[in-house]
Amino acid sequence: MLLRSSIVGVVGKNKTVEMKWRKVPLRHFCIPNRIVCMEMVYYPYPKAPFLSPEEVVAELELKPGDKVLDFGAGAGYWTIPMAQAVGSSGHVYVTDPKTENLSVTKTKAQRLGLDNLSYFEAPHDCKMMPIQTKVDLILCSNILSGVKQPESLLNNLKKMAQGGTRLIIVDWNDKTAIGPDQENRINLEEIILRVGKLGFEFKKLLSAGAHHTGLFFIYQK
């Protein structure tokens, strides 16, 4: 079933943006508590302005059996394609501050017959990670621009890394007119230096759409 519509959503402080889409499968459409572009819809075309999770996940070098942390997963935007990529022998650990978001993600996974996920309610600024296992990939999407102490968060994520763990950071870039206030956005050079000090080597930029920046790091133990 295909949907043709448009919607006006609030993004950032005193800002609005009209999002229009066409021929978008309903499986990519959800209604969270508040309208957030990242979790509402994307254009599934090569030069899309918004993220296509399947296209980005294809660049993450996931393989069957991998263990993944989707930190601050929201309504499962990335979770589902990653769970599909690691297969039944792999596992995805899903965290989010909101129980309702975890419920939405769990429902999506169940509908697709995916049972390789675990769910944990945890704030973005949690002092102790709810998962104590090492993972092969950590995804942190649209989180750093919303936390007051990014250094503390990055240190927490490091605790789940082992030699070769990939850290993927996706966040709003400083050129787009939508998203959080400019002062809250990550600076590309600064975040590479910060993460580098923790032992993660920057490898490449990811194709993350016109409004986001995607960075690929590998932990060097």
Completion exercise
Given a Förster distance of 41 Å, the FRET efficiency implied by the Cβ-Cβ spacing of K197 and L112, rounded to the nearest 0.05, works out to 0.60
Exercise for the section: Using only the Cα atoms of the range 73-221, build the gyration tensor, take square roots of its eigenvalues as a ≥ b ≥ c, and label the shape rounded, prolate or oblate: rounded if a/c is under 1.5, else prolate if a/b is larger than b/c, else oblate. Expected result: prolate
Completion exercise
Of 98-106, 115-123, ordering from highest average Cβ density within 10 Å down gives 98-106, 115-123
Problem - Kirkwood Rh in Å, taken over all unlike Cα pairs in the range 126-175 - result: 11.7
Practice task
Please give the contour-minus-distance gain from E190 to K159: 0.36 nm per residue of separation, less the Cα-Cα distance, rounded to one decimal in nm.
Solution key: 9.1 nm
Completion exercise
With T213 itself left out, Lys, Arg at +1 and Asp, Glu at -1 over residues whose Cβ is under 10 Å from its Cβ give 0
Problem - Full-stretch length increase - K148, I178 - with 0.36 nm per residue and alpha-carbon distance subtracted - result: 8.8 nm
Handout entry: Reciprocal of mean inverse Cα separation for the range 148-217 (Kirkwood radius, Å)
Key = 12.8
Completion exercise
The summed charge of the Y119 Cβ neighbourhood (under 14 Å; Lys/Arg +1, Asp/Glu -1) stands at -2
Problem - 11 Å beta-carbon shell around E61, net charge (K/R +1, D/E -1) - result: +1
Completion exercise
Shape descriptor, the range 85-140: equivalent ellipsoid semi-axes (Cα gyration tensor, sqrt 5λ, whole Å, largest first) stand at 20, 16, 8
Problem - Links that overshoot a 22 Å alpha carbon limit, given the list K127/K204; K108/K158; K127/K159 - result: K127/K204; K108/K158
Exercise for the section: Quote the accessible area belonging to K203 in square angstrom, nearest 10, computed with a 1.4 Å probe and with ligands, DNA and RNA left uncounted. Expected result: 100
Practice task
Counting only C-alpha contacts under 8 Å and six or more residues apart, can you give the relative contact order of the range 132-221 as a whole percent?
Solution key: 33
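The values are calculated or read from the model by the stated rules, or taken from the named source; none is laboratory data. Note that the structure is predicted; figures quoted are calculated from it, not measured. Heads up, the Cβs are rebuilt from the backbone with ideal geometry, glycines too, and the neighbour counts pull from every protein chain shown. Ligands, DNA and RNA are excluded from the accessible area calculation, which covers all protein heavy atoms including side chains. Shrake-Rupley method; radii C 1.70, N 1.55, O 1.52, S 1.80 Å.
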